[in-house]
1. Rounded to the nearest Å, what's the spacing between the alpha carbon centres of the stretch 159-203 and the stretch 311-386? Just the number, please.
2. Would you please give the residues with an amide H less than 5 Å from that of F368, counting only those at least 5 places away or on a separate chain, with H modeled from the backbone geometry?
3. Suppose the chain between A311 and E226 were pulled fully straight at 0.36 nm per residue; how much longer would it get relative to their current alpha carbon spacing?
4. If one computes the Cα centroid of the stretch 51-97 and of the stretch 213-227, what distance in Å separates the two points?
5. Take the cross-link list K248/K343; K54/K241; K61/K210; K35/K325 and give me the ones stretching past 26 Å between alpha-carbons.
6. From the backbone phi of the stretch 353-359, what are the Karplus-calculated ³J(HN,Hα) couplings (6.51 cos²θ - 1.76 cosθ + 1.60, θ = phi - 60°) in whole Hz, Gly and Pro given as x?
7. Per residue of the stretch 184-194, in order, report the coupling 6.51 cos²θ - 1.76 cosθ + 1.60 (Karplus, θ = phi - 60°) as ³J(HN,Hα) in whole Hz, putting x for Gly and Pro.
Amino acid sequence: MVIALILFVTGTAPRNDSKWVYAEPQDTTPTTQEKIDQTKEEKSNLEDLLDGTKGNLDSLKNSQQALKQELDNLNAQMEEIAARLSEYEEQIREVEQQIQDTQAALEEAQAAEEEQYNSMVIRVRDMYERNDTSYVNAIISAGSWSEMLNVADYFEKIATYDRRAFDKLKETRQLVEDHETRLRSDRAKLENLKVATEAEKDKVEDLISKTANYISQFGDQISEEEKRALAYEAAIKEKEKDIEYLNKKLAEEQALSRTAAQSSWRDISDLSFTEGDRYLLANLIYCEAGGEPYEGQIAVGAVVINRMRSAVFPDSIEGVIYQNKQFSPVASGRLALALASDKATERCYQAADAAMSGTTNVGDCLFFRTPIPGLTGISIGGHIFY
């Protein structure tokens, strides 16, 4: 394709001498339009990834919100459990106080029962041991049958009263004991309820801890997804810049191609070099490809010589290298620094000599740069030549 263009422009075949070597045609190199289409496709893929990430973000946020609602419910449940525990503890304190009061009442009832029993024993003993007041003597000494009956009835009433008083006190003691038993049973039930509620409290606390941990994990995932979304957005913006750059580059290349098609290409033998050209080219090669392999250094030199051959560019090494906005080391001042102390290595000089003699490993390429998305061409070292 390159050879055909030279034939069309000059009407002669390129020279085939030892100074001029063409690289194999790169028919698979995409055009700038293909690069634009590729970059647009990459941008579309990034937008799809961004949409997916936003969907994941929405899902994560919804899940996190649901967990936060669950956490609120668990906290409310914990408050209700704490209130129940407090109520049980208060009831247990009240029952314990009642048990203490009942124990005191039981002691009093037992003392009264014992006192009544002792009184009965004393009275019975007195009636049967003291002759002047004994039950038998009282009956014998009665003056009449009716008096005797009255005496007998009197002693019977005393005995009945004592028995009833004793039975009443015994019944009261039993009631107090039964009441204490019920209170102790109530306290045991309350203790069981308290233990069960504390177990429920521990379970809810564990759920609260786990839920809070899940919320934190979702927060971390949301943060990562947000970072990923920001990265996709930044990448999309870079793609947009690349598309803008490639569109501009396409327009420039199209204009350059139209101009080149209407212009002639000089033969290597028609080029002339000045005394300082080798020094200048070697130092430019050092600035542009000093860390590249030797093939990359030759390629940079070949681009400079190709521009000299094209009627679109200046016809001198100095004119090509110092053309406005063409080589970044010129604009940055690196070339000037290199020239001031001759930074070019022996290999850079060898590459300059090879290029000036007509050797090229990039065909008629006129441009090179570090790779950018969508830009392809002849890749040598860290540069793409196109």
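1. Here the answer is 106 Å between Cα centres.
2. The answer is Y386.
3. Result for the pair: 25.3 nm of gain on full extension.
4. 21
5. Over 26 Å apart, Cα to Cα: K248/K343.
6. 4, 5, 5, 5, 8, x, 6
7. Once rounded to whole Hz, the list reads 5, 5, 4, 5, 4, 4, 5, 4, 5, 4, 5.
Read-outs throughout are calculated quantities, based only on the coordinates presented, and are distinct from any laboratory measurement. Being a predicted model, the structure only gives us computed values, none of them experimental.
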